[in-house]
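No value in this document is a laboratory result; all are computed from the given coordinates. What you see is a predicted model; the values in this text were computed from it and never measured. Positions of Cβ are generated from backbone atoms using ideal geometry, with glycine treated the same way; all protein chains shown enter the neighbour counts.
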Amino acid sequence: MQRPSPERYDAVAVVLHWAMALAIFALIGLGLVMKHADIPKIRVFQLYQLHKSIGVVVLLLALARLLWRLAHRPPPLPAVMPALERAAAHAGHAALYLFMFVLPLSGWAVVSTASMNIPTVLFGVIPWPHLSFLADSADKAAIHAVVEAVHKYGAYALIVVLIGHVGAALRHAVKGDVPLTRMSLAGAKETSR
């Protein structure tokens, strides 16, 4: 097995990155449709169940990604990047990690404190429990209002951070100082041989 290039992420990090990206973009799309589209209530219910299922997947992938990241040092940013851009890149990545945990956990808290008490069944197959310490709370309605606001406004903040992340990656690719191949799936296949 060939070791990954020091300029690019290893295959596991790349696969986790793109799996999470796909799931997060699906969650954003589902969230916007659920809240803003004029669709039948039964369809909204189905979308909520799918949204919750993908949210749990994101939480599990985020945990795997964090553990992998702690055990495997990422490639350094190119030395040609100015210090301010390097700091912005690190801050952006920290924000993404924060959202990868806060949004699924706040969503889980929203479901656990909802007055309707609808169970979550992941992809219609696996029952997923409520957070009992929240579900059994005497002040459930107040907690629900807070975690619902965190989830909603956190999602909008994540969209802004993602726009910055994708924009910065494209800008650096065009400039040629940080190639997109650092996180490409094609390159991941080569480094895993």
*Rounded to 10°, Cα long-axis angle of helix 41-71 versus longest principal axis of the chain*: 40 degrees
*In degrees between 0 and 90, to the nearest 10, how far off the longest principal axis of the chain does helix 11-36 point, with axes built from Cα atoms?*
40 degrees
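Ranking D136, D38, D10 by Cβ neighbours within 10 Å, fewest first, what do you get?
On the way: D136 10, D38 4, D10 19.
Fewest to most other Cβ atoms nearby, the residues stand as D38, D136, D10.
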*For L122, distant residues with modelled amide H under 5 Å away*: W128
*Angle between the Cα long axis of helix 140-175 and the longest principal axis of the chain, 0 to 90 degrees, nearest 10?*
20 degrees
*What residue among G29, L16, V110 has its Cα farthest toward the positive end of the dipole of the chain, where the charges are +1 on Lys, Arg and -1 on Asp, Glu, each on the Cβ?*
L16
*Gained length - V44 relative to A142, 0.36 nm times residue gap less alpha-carbon distance*: 32.8 nm
*Hey, how much of the P(r) for the chain falls beyond 23 Å, as a percent of Cα pairs?*
51 percent
